[in-house]
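What follows is a set of notes on a single structure, which appears directly below.
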């Protein structure tokens, strides 16, 4: 876990077989000057906490300074950092890339053993591919439209065959597509991969990138979402505004996340804030939000309708949360 997710710091983990057994090397990538300016915890401190009880983990810190000055350009450069990994890590052939807002709850070696069937990328689908309304509701929100639910991916957890990426010159191809479509993109590298490289990646099981209140939630029908939350996650991916440092409340895996936070940061979590009424409705009354999904594509309209229809009961529940958020 790395506290500077919004600063653009990512963690990649590589496993390799050797005669002595299994060796793991972790690479922390980011703009170290940016972290220093904004008072973030230094990479050496993170590794000292992370590896203090792990003698089988080696580590390497790689500085990847952002070159762009315009905010839009910096955003694209930041989000496409993983596309540059073949040149950043020229000595590696394969890696597991992890966003910093994730919690690993299973043996990550199981992920490493997944066969990518000759593809250069393995990533989980952004949507619940078994739910027929997900694609329509997702396309309703963004300019770029997809034809299959399996096409849009989430890149927070990715298996990358760096050798194959070099062979196919993936980085240049995707960067070119991004520059040509920059006015339409929302998630730069993910949309570039999904649109430009359709069928060239292997879809990982959703357990390896479990996102409780992300696209699988706000695009799904009631039945589809109930099936999704029955999964036993191997990696839990917290996304804004669900991160425990942004949201108080007793949602699944928060205690585990906070425990790792305290271990790495050596401090208590003090930046959590209370959420507003309609965001509370969005999180709390999932059964209403998903029941309306077949009739209403926009999750914003569904949240508004639920907040009005369930009043005053929903407001009473919200007051309970406001008074005792940590116990809710």
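Select from the stretch 309-324 the residues that are closer than 10 Å to residue 281 by Cα and in a helix (DSSP H, G or I) and list them in ascending order.
Listed by number, the residues that qualify are 314, 315, 317, 318.
Looking at (1) farther than 29 Å from residue 168 by Cβ; (2) more than 16 Å from the chain's Cα centre (by Cα); (3) crowded, with 21+ Cβ neighbours inside 10 Å, can you tell me which one residue 223 breaks?
Failed condition: (3).
Look through 252, 244 and report the one residue that is closer than 30 Å to residue 107 by Cα, at pLDDT below 85 and out of contact with any strand residue (DSSP E or B) (no Cβ under 9 Å at 6 or more places or on another chain).
Within the list 252, 244, the selection yields 244.
Do you know which residues across the stretch 81-91 are in contact with a helix residue (DSSP H, G or I) (Cβ under 7 Å, 6 or more places away or on another chain) and surrounded by 18 or more Cβ atoms within 10 Å (Cβ to Cβ)?
82, 83, 85, 86, 89 - these are the residues of the stretch 81-91 that are in contact with a helix residue (DSSP H, G or I) (Cβ under 7 Å, 6 or more places away or on another chain) and surrounded by 18 or more Cβ atoms within 10 Å (Cβ to Cβ).
More than 13 Å from residue 83 (Cβ to Cβ), in contact with a strand residue (DSSP E or B) (Cβ under 8 Å, 6 or more places away or on another chain) and either buried (at least 19 other Cβ atoms within 10 Å of the Cβ) or at pLDDT below 90 (or both), is that true of residue 124?
yes
Given (1) modelled with pLDDT under 85; (2) surrounded by 18 or more Cβ atoms within 10 Å (Cβ to Cβ), identify the lone condition not met by residue 135.
Answer for residue 135: the failing condition is (1).
Out of the residues in the stretch 195-220 that are free of Cβ contacts under 8 Å to residues at least 60 places away in the same chain and in contact with a strand residue (DSSP E or B) (Cβ under 7 Å, 6 or more places away or on another chain), state the one that is surrounded by the most Cβ atoms within 10 Å (Cβ to Cβ).
Looking at residues that are free of Cβ contacts under 8 Å to residues at least 60 places away in the same chain and in contact with a strand residue (DSSP E or B) (Cβ under 7 Å, 6 or more places away or on another chain), I get 210.
Mind counting the residues in the stretch 82-111 that are outside any loop (DSSP other than H, G, I, E, B) and over 15 Å from residue 169 (Cα atoms)?
Residues meeting the conditions: 11.
Only one of (1) at pLDDT 90 or above; (2) part of a loop (DSSP other than H, G, I, E, B); (3) under 18 Å from residue 240 (Cβ atoms) is not met by residue 115, so which one is it?
Of everything listed in (1) at pLDDT 90 or above; (2) part of a loop (DSSP other than H, G, I, E, B); (3) under 18 Å from residue 240 (Cβ atoms), residue 115 misses just condition (3).
The values are calculated or read from the model by the stated rules, or taken from the named source; none is laboratory data. Just so it is clear, the model here is predicted, and its values are computed rather than measured. Every residue, glycine among them, receives a Cβ derived from its backbone with ideal geometry; neighbour counts consider all protein chains shown.
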